[in-house]
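Structure record follows, encoded as structure tokens.
The values are calculated or read from the model by the stated rules, or taken from the named source; none is laboratory data. Just so we're clear, the structure is a prediction, and the values are computed from it rather than from any experiment. When we count neighbours, we look across all protein chains shown, and the Cβ atoms used for this are built from the backbone with ideal geometry, even at glycine.
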Protein chains: 2
Amino acid sequence: MAAKIRCHQLRINLSNGKVEEEVLPEQDVEMLIGGRSLGALVLYDEVPVGTEPLGENNILIFSAGPLAGTAALGSSRYCVLTKSPLTGLYLMAISGGHFGPELRKTGHDMLVIQGRAEKPVYLVISNGSVQIKDAGHLWGMPTDLAQEIIKDEIGDGKARMTCIGAAGEHQVPYASIMGERRAAGRGGAGAVMGVKNLKAIAVRGTKNIDVADPDRFRKAVKETIRKMAGSAQLSRMVKHGTVTFLDDLNDHGILPCRNFQEAQTEWAKGLYSGVFEDFIVKHTHCSPPCATRCSKLTLVRSGPYAGAVSEGPEYETLYAIGACCGIADMPALIEADYLCDRYGLDTISFGVSLAFAMECYEKGIITKEDTGGIELRFGDATLLAGLIRDTAFRRGFGEILAEGTRRMSQRFGKGSEAFAMHAKGMELGGYDPRGAKAGALTFACGSRGGCHHAGGYPWMAEMYHPDPKARFSIEGKGALVKRARERRVIADSSIVCTFPAILGYSDAELAGMLSGATGLDLSEEDMQIIGERGSNIERAFNVREGLRRSWDTLPERLLKESVPAGSTKSQVVELEPLLDDFYSVCGWDLKTGIPGQQRLNELGLPKIARDMRSVK
Amino acid sequence: MAAKIRCHQLRINLSNGKVEEEVLPEQDVEMLIGGRSLGALVLYDEVPVGTEPLGENNILIFSAGPLAGTAALGSSRYCVLTKSPLTGLYLMAISGGHFGPELRKTGHDMLVIQGRAEKPVYLVISNGSVQIKDAGHLWGMPTDLAQEIIKDEIGDGKARMTCIGAAGEHQVPYASIMGERRAAGRGGAGAVMGVKNLKAIAVRGTKNIDVADPDRFRKAVKETIRKMAGSAQLSRMVKHGTVTFLDDLNDHGILPCRNFQEAQTEWAKGLYSGVFEDFIVKHTHCSPPCATRCSKLTLVRSGPYAGAVSEGPEYETLYAIGACCGIADMPALIEADYLCDRYGLDTISFGVSLAFAMECYEKGIITKEDTGGIELRFGDATLLAGLIRDTAFRRGFGEILAEGTRRMSQRFGKGSEAFAMHAKGMELGGYDPRGAKAGALTFACGSRGGCHHAGGYPWMAEMYHPDPKARFSIEGKGALVKRARERRVIADSSIVCTFPAILGYSDAELAGMLSGATGLDLSEEDMQIIGERGSNIERAFNVREGLRRSWDTLPERLLKESVPAGSTKSQVVELEPLLDDFYSVCGWDLKTGIPGQQRLNELGLPKIARDMRSVK
């Protein structure tokens, strides 16, 4: 049968209203599949070095994968690519929900948004049309209500949506993009959308999403369903979502508490899955097909937060706004999660930024004079609602918090940089790498900065390793992380969700599904090559922006301050040998961290190889 | 052509899950048309004297009118009838929105809910089926989110909804029922729904709604459209909704301020339509067809309430939570309106109850000891959000506020009854009857208590009377109020919205539309008779419960305390002569207030006439 892999791109220029349809070069699509990798290539090609993230020339790519809208479990996803206002580097933010499949039903696999509308607008995209509509009345409106109003206005309750809140409008560099109750959270794609005056995108399509080889596809999907039914980890997730892992992370001394001052605490047990369970009112999912149902609808029924509802919080939020801020008050965290979604703030960056400010306050680096009178104490849950709103609207001390951890530490000085818990400007995800050393490479070398997204596989491999000391060793961690990155890239390019992809699918199974869907005949090795290609394109984007080995680093706290107590006691991160190892397995120059000519050419990326040769 | 007037009733018993369909007796339907009047008759027949409002034997009727779902302007409405937990008497609460038309599309004109589910449930009603679904996970959830989740669950974004919030679940006697962003607000129908463990009703129908005589109907509708286009009052409402009248009411000394201590204030200008206008982001309506678009989507874009959005507040909310509580802070009131809707509280009863408590606090009748430490000062907008939540969840001082004004005054004593601004337990609407005397009868004799709903026509007639002193006179006010009541009853039975009905349609025009829709040949006089019938059925329901002349009264403040300043200075209400006049024109016994045999028989209500004869 004919290969069905095509990428239909829809390009909308908000400056002049021009709309273009394009089919991407077949060779690129076959080499990169879709989603994240293909988006990375478009970003690489179209966003020249030095582009201002919040300038008119930055672009915003919404990219779905060839599995979106098919029966592959966990495939209802899309990702957003842009140059990040938080890191100034490559950004990919990924989200579940109905937007990706619905976009494909309009006949498009990728949206590219260029330029900047003069006034707030929203887009309505259907099979054959793009409408640019006035959004003046929606500007300032919470994401949930704005989506509801738009559905009313276009008279289509089944339209699927992606939308920004006040944080995006005010260009908070860690503003998220919300689709229904799900976030493309990290790195500030919402701020890029905000500066473009784009409040929301509604899509509604009716086209069929066919697969090239239905028999092969069906067989591959069936096999994954069978296999996933037997996964113990996935069963745990069905019960408690991602929060199930919080218990283990604290027990192993990997849960960052009070801004990474501790990695295991008694009070964090207030965040355990057993506590969380009492607030779950419904087990749900991004959208079918999904067997994990990691999404938990939570509701607070009594006490000061009664009436608070969220779809979540998931683990990273309980880590960031919870453990990292010393807060183990589940109802307050459910409300905080909801508010971050409403106002469009990334929960990780908000939580870690607040934790940093709390430590600065604790150490006297900042005082009430700086906070506008707020006593910024670890553990004070009553601060959350007000500070979330203030941050999204950039006012009061929220104006400072909105800068994120890196800029705050530059502003505050006085040694605070040592415990500003970011990498390349992105606030770290919820794993203390002193307790699981591979995580050091995940954070230090992440294409988008201190990102949690690539971290799942390494920390699980380390935490659940039969040898309890293995996680403290640096041996073989370069290869482990390289493999994890590549697996994530190919999962994100397909796109399939982290959880089945990491905990369920083998590369062979993913290759089977992709082969069935696309008509390409992909092997397990092809998967790895595609992953490595994507990973290197991202690296090349960042190298072109100036990234060198010295940028691949971590906060001093992780390198020099050992964990004070618990299962990880006395550990620090030995970063330099880890980097040597990782660069070696990646084929990157040991001194500069620049991807090597030879490997790039082997990967079929000669243009990027040439570009890398010319960087100084 | 054949008369098309039928009332298809769907009866659902939550105690045993039994569902029955019934067609109401044709004679009843022809005599009462539908909506409110027909619902009143069902209530009269099925809720025996002494029924406990929050007991299992109370019923809840959702009634649409014969115009719902047709092209008649303002006909997208439904009403809820039950015995009120606030007044212990007849209750009809009315709402705009899509629920009424959608119910009719399922082939039903009226729902009767009996019994009590063992556990929280919601109903899904479509053309041919009724499903009773578990709502355990939705119990405690705000109305907006619960509706969204239900739409997701039943996979139908176009289902129409009616739903309670925490206030209904906690049986607050002034809990509302919310449909989308609209309330059937008054008298605590939400508490009855709550005690029945019924969280929500979703309806979705596909049947056509035909009219009996399309030509006659179309002609009548066309005529009303032509006429309404020329209405100056409706033009004002298109611009500022009901808030447009707040300016005039204050200017005339009819706006109750600080719990009716004043009727005209300088600070209330902070609530004027010009201020309100700055927060309007969209002019909208309950649902088409509507030419008034009185519904204003408001948004706060900066300051401490930034991000607050509401569809409203409309006049009564700005009066009750605003002027009556001494609060002229528009952003705070937009947020308060939204919160009342989310948690399902009637804004009028909440506001007036709070105003009463504020005056008690001001006078030292209650202290911080009673309020749990809260300084309950007039004008303090920062109290609102917390007290709304506390009232809905019945906790802290909210437990007291949740009792409503009458019960609070009984609890507090110390003369506070004199300024407890309710009639028959229902908190008064936003018109000081000392400045527009007909309003005294509207409130004192309202079938559901101190209800604003029947008040529009009289106060407009008085306020805009060419003789500026006419409003202080008691001459002819009985006839004015009788006529206004009847006009409202027939409008609510059709159902058409207050605004076109009062400001646009004549009885003849309404008769024309109803004749076209139903195939009955109705005259202007028929309209008045139907209105009088409905009004007397309601009265009879209350008389049977014990209502006599002495119950038709008003708070002492209105009868004995004159207005201190402004255009209404020195006025009080002369209630007794007003009652004499009103009873006379109604044909009610002057001593007892019981409807007279003769008039009831003339109206074709012999059974009720017999019942009235036997009450003691």
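Scanning the range A:121-140 for residues that are touching a residue at least 40 places away in the same chain (Cβ under 8 Å), within 21 Å of residue A:183 (Cα to Cα) and not hydroxyl-bearing (Ser, Thr, Tyr) yields A:121, A:123, A:124, A:125, A:135, A:138, A:139. Taken residue by residue, the range B:440-452 has at least one member that is out of contact with any Leu (no Cβ under 9 Å at 6 or more places or on another chain) and either part of a helix (DSSP H, G or I) or at pLDDT below 95 (or both).
Scanning the range A:343-358 turns up no residue that is surrounded by fewer than 21 Cβ atoms within 10 Å (Cβ to Cβ) and among the β-branched types (Val, Ile, Thr). Applying the condition of being part of a loop (DSSP other than H, G, I, E, B) and among the small types (Gly, Ala, Ser) to the range A:282-303 and asking which residue is nearest to residue A:232 (Cα to Cα) yields A:291.
Residues that are outside any helix (DSSP H, G or I) and surrounded by fewer than 24 Cβ atoms within 10 Å (Cβ to Cβ): does the range A:506-518 have at least one? Yes: the range A:506-518 contains one or more residues that are outside any helix (DSSP H, G or I) and surrounded by fewer than 24 Cβ atoms within 10 Å (Cβ to Cβ).
Looking across the range A:114-140, the residues that are in a loop (DSSP other than H, G, I, E, B) and either under 20 Å from residue A:99 (Cα atoms) or more than 12 Å from chain B (Cβ to nearest Cβ) (or both) come down to A:115, A:116, A:117, A:118, A:119, A:127, A:128, A:135. For the range A:287-315, taking the residues that are touching a His at 6+ places or on another chain (Cβ under 8 Å) and within 14 Å of chain B (Cβ to nearest Cβ), the one that is farthest from residue A:230 (Cα to Cα) is identified as A:299.
Tallying residues that are within 19 Å of residue A:191 (Cβ to Cβ) and away from chain B (no Cβ under 14 Å) within the range A:377-433 yields 15. When B:328, B:381, B:320 are screened for being modelled with pLDDT of 95 or more, surrounded by 24 or more Cβ atoms within 10 Å (Cβ to Cβ) and either within 30 Å of residue B:505 (Cα to Cα) or among the small types (Gly, Ala, Ser) (or both), only B:320 passes. Considering A:432, A:467, the condition of being free of Cβ contacts under 8 Å to residues at least 60 places away in the same chain and either surrounded by 24 or more Cβ atoms within 10 Å (Cβ to Cβ) or of a type outside the set (Lys, Arg) (or both) is satisfied by A:467 alone.
Look at the range A:391-413: where a residue is hydroxyl-bearing (Ser, Thr, Tyr) and modelled with pLDDT of 95 or more and a partner is surrounded by 24 or more Cβ atoms within 10 Å (Cβ to Cβ) and part of a loop (DSSP other than H, G, I, E, B), sitting 6+ places away or on another chain with Cβ atoms under 6 Å, you get A:391/A:402; A:405/A:420; A:409/A:420. Only one entry in A:499, A:472, A:443 is of a type in the set (Phe, Trp, Tyr) and over 26 Å from residue A:563 (Cβ atoms), namely A:499. When B:611, B:581 are screened for being in contact with an Asp or Glu (Cβ under 9 Å, 6 or more places away or on another chain), modelled with pLDDT of 95 or more, part of a helix (DSSP H, G or I) and among the acidic types (Asp, Glu), only B:581 passes.
Taken over the range A:546-573, the criterion of being farther than 28 Å from residue A:247 by Cβ and charged (D, E, K, R) is satisfied by A:548, A:549, A:552, A:556, A:560.
Summed over the range A:212-252, the residues that are outside any helix (DSSP H, G or I) and either closer than 30 Å to residue A:266 by Cβ or under 21 Å from the mean Cα position of the chain (by Cα) (or both) give a count of 1. Residues of the range B:351-369 include none that is within 14 Å of chain A (Cβ to nearest Cβ), in a helix (DSSP H, G or I) and closer than 21 Å to residue B:408 by Cβ. Among the residues making up the range B:151-176, those that are part of a helix (DSSP H, G or I), more than 9 Å from every other protein chain (Cβ to nearest Cβ) and over 24 Å from residue B:20 (Cα atoms) are B:167, B:168, B:169.
One line per residue, one yes/no per condition, for (1) crowded, with 20+ Cβ neighbours inside 10 Å; (2) closer than 30 Å to residue A:571 by Cα; (3) among the charged types (D, E, K, R):
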residue	(1), (2), (3)
A:178	yes, no, no
A:211	yes, no, no
A:217	yes, no, no
A:226	no, no, yes
A:245	yes, yes, no
A:249	yes, yes, no
A:259	yes, yes, no
A:269	no, yes, yes
A:288	no, no, no
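Residue-level check: of (1) more than 10 Å from every other protein chain (Cβ to nearest Cβ); (2) in contact with a Lys or Arg (Cβ under 9 Å, 6 or more places away or on another chain); (3) surrounded by fewer than 23 Cβ atoms within 10 Å (Cβ to Cβ); (4) of a type in the set (D, E, K, R), residue B:282 misses just (1).
Select from the range B:141-150 the residues that are more than 9 Å from chain A (Cβ to nearest Cβ) and free of Cβ contacts under 8 Å to residues at least 60 places away in the same chain and write down the one among them that is surrounded by the fewest Cβ atoms within 10 Å (Cβ to Cβ). In this case the residue turns out to be B:150.
Counting only residues that are more than 13 Å from residue B:10 (Cα to Cα) and in contact with a strand residue (DSSP E or B) (Cβ under 6 Å, 6 or more places away or on another chain), the range B:100-130 holds 6 of them.
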